[in-house]
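Shown next, in structure tokens, is the structure this report addresses.
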Amino acid sequence: MHDVKVIGAGLAGCEAAWQIANRGIKVKLYEMKPDKKSPAHVSNLFAELVCSNSLRSNRLENAVGLLKEEMRRLKSLIIKAADITQVPAGGALAVDREKFSEFISDKIKNHPNIEVVCDEVKELPSPPAIIATGPLTSDALIDSITNMHGVSGLSFYDAASPIVSKSSLDMEHVFRASRYGRGDDYLNCPMDKDTYYHFVDELINAKTVPVKGFEDSKVFEACMPVESMAKRGVQTLAFGPLKPKGLIDPKTGKMPFAVLQLRQDDAGASLYNLVGFQTRLTFPEQRRVFGIIPALKNAEYLRYGVMHRNTFLNSPSFLNEFYEVIFTPKLYFAGQITGVEGYVESAASGLTVGLYMSKQLKGEERTAFTSNTAIGALGKYISRANSNFQPMNINFGIMDSLDKKIRGKQEKNLAISNRALKTIDYIIKSNYGGIYN
């Protein structure tokens, strides 16, 4: 049996390599770091979280919460790492990003069936192979991929939020709370009406970093820069990342006009990221404009917000629901390059590809996860014909609907999740009895 080549040691690549190696198949995992890094990467570790440190909701009433639970039951390395290195974040699963990547890197490097090759892959490898090079795939490899018949590359722009030190915040203008009284995991930075309008006015007129070929229409909606949102209308931020709903300032006993939330970014609670504040403002402008928010007047920025290009492929034109190239057996793609959007979704695609590849190499029948499950719905989404294919987070809308009507949204979502988990349990029992950590 040939070694499987996995290109890219991000979330999808590490998850795919782990699943395959755990089934007794040798893997060569190629990673260009530390010799070469993309513009968005900082660390030499595998599975680096380049934007937020949050893997989003843990609740089964939320589709991404369901996806994570499916992955737990399928023994996901990424979700195990997140559970072990989590930091307080209310109902969300947020992690200490350094410890998270360290845990995964250690597991991968010490697996007896995984050989790590530190080298940049510039040409499409021969099967069996998995391309999991992420949204910042090099131009050389993209050219090699798009030279395949029927494959086209697309792109959009993505942005990351700043990180500040807790010790530099003006705590006189900060209160601890999660929305609707669900704990106190967030630092909340309130603004009154005048401060908010002043902030928005300065924000929309601030200097930004020019991006070659940048078009607002190519910004992924979930990661839109805060200044782009502000230009949509003066109240947009007050109903978006600065919404005060569910928060009461203990000083006034009232809901503030607007609130910036800060989420813990490390286990020591010394670093906090600005929630929903992805930006492409210049670094001096980030200090000046964000400093209008009273709590951030003298904030120390340990990472500034940055913007970078994300590349994804027109997957429905050449991938099947197994994430396999329809005209090249045993050549798979996984992660954000396929058009799944988000940390969890990327890891989920790597997990499924790892399972499918293992089955195929052992001569066993592959059974695709159904759209009753979140993990299966992602595979269906990236392989369905779509004239305007765009990156997609997991959501209940791309899953199979229920046979019966349920009125309440939360109750309906929970029913979909319960059905999905029953399906996952059945699939594990009937098809993947050998799953283990």
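No lab work stands behind these numbers, since they all come straight from the coordinates. What you see is a predicted model, and the numbers here were worked out from it, not measured in a lab.
Each part reduced to its alpha carbon centroid, segment 119-172 and segment 1-37 end up 16 Å apart. Summary of the geometry: segment 321-399 and segment 240-270, compared by the centres of their Cα atoms, lie 37 Å apart.
Straight-line cross-link partners of K80 among the aspartates and glutamates, defined as a Cα under 19 Å from its Cα and at least 8 positions apart when in the same chain: E15, E48, E69, E70, D96, E98, E102, D106, D265, D266, E345, D425.
Give the cross-link partners of K412 among the lysines, using a straight C-alpha distance below 25 Å as the criterion and excluding same-chain residues fewer than 8 apart. Within reach: K68, K245, K380, K404, K422. Counted residue by residue at 0.36 nm each, then reduced by the alpha carbon distance between them, the extension gain from K243 to L154 reaches 28.8 nm.
Under the criterion of Cα pairs below 8 Å and six or more residues apart, the relative contact order for segment 163-305 equals 41 percent. Residue pairs exceeding 18 angstrom between C-alpha atoms, taken from K359/K429; K75/K107; K28/K107; K26/K429; K193/K251: K26/K429.
Relative to the longest principal axis of the C-alpha atoms of the chain, give the angle of the C-alpha long axis of helix 97-109, reported between 0 and 90° and rounded to the nearest 10°. It works out to around 10 degrees. Across the alpha-carbon atoms of the chain, the computed radius of gyration and Dmax are 21.9, 68 angstrom.
Taking the Cα atoms of segment 163-305, the ratio Rg/Rh between the radius of gyration and the Kirkwood radius comes to 0.95.
Pairwise Cα separations in segment 312-421 fall into 5 Å bins from 0 onward with the following percentages, short to long: 2, 13, 22, 23, 17, 12, 7, 3, 1, 0.
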